[in-house]
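Below you'll find the structure, written out as structure tokens, and then a few comments.
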Amino acid sequence: MTAPLHEPTAEAAPSAAEEAAVISADAKAVQGRSLGRIAWERLKRDKLALAGGIVVLFLIVVALLAPVITNLYGQDPNTYNDKDLIDPLFGTPKGSFGGVSGDHWLGVEPVNGRDIFARILYGARISLLVGFLSAIVAVVIGTILGILAGFFGGWVDSAISRVMDGLLAFPQLLFIIALVSVMPNEMLGLTGTDVRLFVMILVIGFFGWPYIGRVVRGQTLSLREREYVEAARSLGAGRFYILFKELLPNLVAPIIVYTTMMIPTNILTEAALSFLGVGVKPPTASWGQMLSNAIDYYKSDPTYMVVPGVAIFITVLAFNLLGDGVRDALDPKGSR
């Protein structure tokens, strides 16, 4: 009897390392991504939006650290420097480009010789403070009233919509000028410039909420008919549960988008009010106030006008670029 030429052999079992690699690869293949992560990956591909975000972050840090920076810089924004820096005949800074030197990086102001770089830093605090806080006021009021109008409909929707239409037709700038002009110097424990800042933040925010309120109302009208809202109703969920647990989380994206695009508008409004003389009081630094003071010297000292103008331009441009990028990242279909 002859032995078989070939005997069947068992296949080699995969090693533990190979099994772990296969499991890891499968896990990565089926791993889901959250909406926030998807939006962030879209935003990272937008170089202009990233550049705008970096500039915005830089401005926020500079505004917060303005006292520290000016202390290291060695100049105070409200200190009148020696008359040696100012031409006694014309009142303009000595030297080229408005008195630019190693001690004064952006020159000095005409007549009083205050350091422009230090005042630009402190002016950023005023602009960003008004821009952010007034946007928060507008977002809170607009979100609450917009979601109520869209969800309840009927007379609630009609009443809130008519208020929106009236505020949108109201001359906001003229009202702020009139209101700030008659404000007392002391109110709610605040004095002087703090009173004007408080009033500007409230009034700008109050007149800004209809813009975001209309957006929230329109989105709510669409979302309230979705299946998950009907499912929540069928399970006995109350109205406020549906409002704040089902609808509000789905409104976060448009709210964020319009907030980022509202801030630069508020910054321009504050600059316009300070330019017209109804913003913050001197000697508090403000970019709009510096532009107003520079009108008398735009020929003899153009640097004094260019510096705050460029600061406003860069700030507003950075916020607009960031806002456009956030909008495209959160709502890619809406940008087509």
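The values are calculated or read from the model by the stated rules, or taken from the named source; none is laboratory data. Computed from a prediction, not measured in an experiment: that's the story for all the values here. Quick reminder, even Gly has a Cβ in these numbers, built from the backbone with ideal geometry, and neighbours come from all protein chains shown. Accessible surface is based on the protein model in full, side chains and every heavy atom, while ligands, DNA and RNA are left aside. Shrake-Rupley method; radii C 1.70, N 1.55, O 1.52, S 1.80 Å.
In the chain, the longest principal axis of the Cα atoms and the axis of helix 16-30 are about 60 degrees apart.
Here the dipole of the chain is about 840 debye; that uses its Cα centre as origin and unit charges on the Cβ of Lys and Arg (positive) and Asp and Glu (negative). The longest part of the chain holding none of the exposed loop GluC sites (Glu not before Pro), meaning those outside H, G, I, E and B in DSSP with at most 13 other Cβ atoms within 10 Å, is 12-224.
Quick check: from the Cα gyration tensor, does segment 94-220 come out rounded (a/c under 1.5), prolate or oblate?
Numbers: a/c = 3.38, a/b = 2.43, b/c = 1.39.
Judged from the Cα gyration tensor, segment 94-220 comes out prolate (a/c at least 1.5, a/b above b/c).
Placing unit charges on the Cβ atoms only, positive for Lys and Arg and negative for Asp and Glu, gives segment 215-336 a dipole magnitude near 360 debye about its Cα centre.
Summing charges over all other residues whose Cβ lies under 14 Å from the Cβ of Pro282, with Lys and Arg as +1 and Asp and Glu as -1, gives +3. Residues Thr315, Thr79, ordered by accessible area of protein heavy atoms at a 1.4 angstrom probe radius and largest first, appear as Thr79, Thr315. GNM remark for the chain: springs join alpha carbons under 10 Å apart, and the peak mean-square fluctuation among Gly218, Gly52, Gly154 falls on Gly154. Remark: segment 42-161 is approximated by an ellipsoid whose semi-axes, taken from the C-alpha gyration tensor as √(5λ), come to 45, 19, 12 Å, largest first.
Out of every Cα-Cα pair in segment 180-310, what percent are more than 23 Å apart? It would help to have the intermediate numbers written out before the result.
Numbers: 4695 of 8515 pairs.
Summing the P(r) tail past 23 Å for segment 180-310 gives 55 percent.
Note on Phe58/Ala159: beta-carbon distance plugged into 1/(1 + (r/R0)^6) with R0 of 41 Å gives a FRET efficiency of 0.40.
Of the chymotrypsin sites (Phe, Trp or Tyr not before Pro) in segment 271-302, the ones in a loop by DSSP (not H, G, I, E or B) with at most 13 other beta carbons within 10 Å are Tyr298. Computed over the alpha-carbon pairs of segment 274-316, the distance histogram in 5 Å steps reads 6, 25, 29, 25, 14, 1 percent, short to long. Calculated on C-alpha atoms, the gyration radius of segment 158-212 divided by its Kirkwood radius gives an Rg/Rh of 1.07. For segment 74-104 and segment 266-336, compute the distance between their C-alpha centroids and round to whole Å. For segment 74-104 versus segment 266-336, the Cα centre distance is 24 Å.
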